[in-house]
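Below is one structure; the comments refer to it alone.
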């Protein structure tokens, strides 16, 4: 099977969506399939819309020697009109990988209304869909109606290799010192680091400390706001902004923390919660989006309303003062992690789906 994949930037970008795409490409290639990656420059949204006037993009994709064309839905602003002309030329199925819809994110209604129009136009051009969660599939159904040619394949659990068991979770939880809270994610408003810091400020001093892992250059104005918030709330001794951390260094942070807190206003899945569970970390996430497909409230973590710093603080205080709760939630998190599909299992589900699309499309 010969596959083309359209993405922005590089597969090496360190975010959950790009990890998903990268793992799929590696799986397809390892099983003898060819994958050609078509990389579009990553710019701002209005510039992406102008890609639809690019004859070169249309010609490049039209001339692709592929059995089907995969497109990361993130690229929708560059493709929502191109695809309509492409479908007349390519005569191959177009399959969209949907991680989450931009129009589902928390922002003013008028902005999401505009994003919704573009996304709906793009999604209507796809012949089939790959979804990372049932939540994402439901969001697309609400926008364009029922589509039978789709598959849900959760991100896998085994990109990191945790080495911790129930006894290790207990030893870590019972060690003296403050509750060690870990945030891993892009430092952008949607991830709601500002809400987590506001919650930390509501706790008694020295009860908890926070390590923040994520690029400090993705959204410089937001990072500046975060630094000012930390200083204003007198939390400079409690919060560390560590920047991008990967590989074994990131695993060390997971291993040495008590809880993972990323209270995003919306996640299409949330690979980071799953990774944290592999290290026995209870997760604190938003009740909006797909985090509920990973975290069961009160069993292996907590779900809070976006922006609710007070409730988030209550959960942190409970964990800081009741280490047996940390142990029980952490052990349950290990169990939840062990039951989740591996990357190999999820990617093979996708591969079989793609082969079925090629064999039954009638377009080949």
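The values are calculated or read from the model by the stated rules, or taken from the named source; none is laboratory data. This is a predicted model, so every value here is computed, not measured. We place every Cβ from the backbone using ideal geometry, glycine too, and count neighbours over all the protein chains shown.
Checking the conditions here, which among 333, 285, 313 is touching a helix residue (DSSP H, G or I) at 6+ places or on another chain (Cβ under 6 Å), part of a helix (DSSP H, G or I) and surrounded by 24 or more Cβ atoms within 10 Å (Cβ to Cβ)? Full working, then the answer.
On the way: 285 fails: part of a helix (DSSP H, G or I); 313 fails: surrounded by 24 or more Cβ atoms within 10 Å (Cβ to Cβ).
The match here is 333.
Among residues of region 42-59 that are in contact (Cβ under 8 Å) with a residue 24 or more places away in the chain and at negative phi, those with a Cβ under 6 angstrom from a residue that is in a loop (DSSP other than H, G, I, E, B) and surrounded by 12 or more Cβ atoms within 10 Å (Cβ to Cβ), sequence gap 6+ or separate chain, pair up as 42/9; 52/81.
Residue-level check: of (1) outside any strand (DSSP E or B); (2) in contact with a strand residue (DSSP E or B) (Cβ under 8 Å, 6 or more places away or on another chain); (3) closer than 23 Å to residue 332 by Cβ, residue 260 misses just (1).
Only one residue in 198, 139 is at pLDDT 95 or above and either assigned to a helix (DSSP H, G or I) or not assigned by TED's automatic domain parsing to the domain that holds residue 350 (or both), so which one is that?
Testing whether each residue is at pLDDT 95 or above and either assigned to a helix (DSSP H, G or I) or not assigned by TED's automatic domain parsing to the domain that holds residue 350 (or both) leaves just 198.
When region 162-195 is filtered for residues that are over 18 Å from residue 244 (Cβ atoms) and in a loop (DSSP other than H, G, I, E, B), the ones remaining, listed by number, are 162, 163, 164, 165, 175, 176, 177, 178, 192. Scanning region 202-225 for residues that are touching a residue at least 60 places away in the same chain (Cβ under 8 Å) and not in a loop (DSSP other than H, G, I, E, B) yields a single hit, 208.
Filter region 260-282 down to residues that are under 10 Å from the mean Cα position of the chain (by Cα) and within 19 Å of residue 309 (Cβ to Cβ) and give me whichever is surrounded by the most Cβ atoms within 10 Å (Cβ to Cβ). Step through it out loud before you land on a result.
Step one: filter region 260-282 for residues under 10 Å from the mean Cα position of the chain (by Cα), giving 266-273.
If we keep only those that are within 19 Å of residue 309 (Cβ to Cβ) as well, we get 266-267.
Details: 266: 23, 267: 30.
So the residue we want is 267.
Filtering region 80-93 to residues that are surrounded by 18 or more Cβ atoms within 10 Å (Cβ to Cβ) and touching a helix residue (DSSP H, G or I) at 6+ places or on another chain (Cβ under 6 Å) leaves 80, 81, 82, 86, 90, 93.
Determine if region 28-38 includes at least one residue that is outside any helix (DSSP H, G or I) and within 30 Å of residue 111 (Cβ to Cβ). Scanning region 28-38, I find at least one residue that is outside any helix (DSSP H, G or I) and within 30 Å of residue 111 (Cβ to Cβ), so the answer is yes. Every test in (1) out of contact with any helix residue (DSSP H, G or I) (no Cβ under 9 Å at 6 or more places or on another chain); (2) farther than 30 Å from residue 132 by Cα; (3) at pLDDT 95 or above is passed by residue 209 save one, and that test is (1). Each residue in region 94-136 was checked for being touching a residue at least 60 places away in the same chain (Cβ under 8 Å) and either surrounded by fewer than 16 Cβ atoms within 10 Å (Cβ to Cβ) or in a helix (DSSP H, G or I) (or both), and 5 pass. Out of the residues in region 235-253 meeting the condition of being touching a helix residue (DSSP H, G or I) at 6+ places or on another chain (Cβ under 8 Å) and part of a loop (DSSP other than H, G, I, E, B), tell me which one is farthest from residue 201 (Cα to Cα). Selected residue: 245. Quick check: anything in region 229-241 within 29 Å of residue 101 (Cβ to Cβ), surrounded by fewer than 16 Cβ atoms within 10 Å (Cβ to Cβ) and assigned by TED's automatic domain parsing to the domain that holds residue 281? For region 229-241, residues within 29 Å of residue 101 (Cβ to Cβ), surrounded by fewer than 16 Cβ atoms within 10 Å (Cβ to Cβ) and assigned by TED's automatic domain parsing to the domain that holds residue 281: absent.
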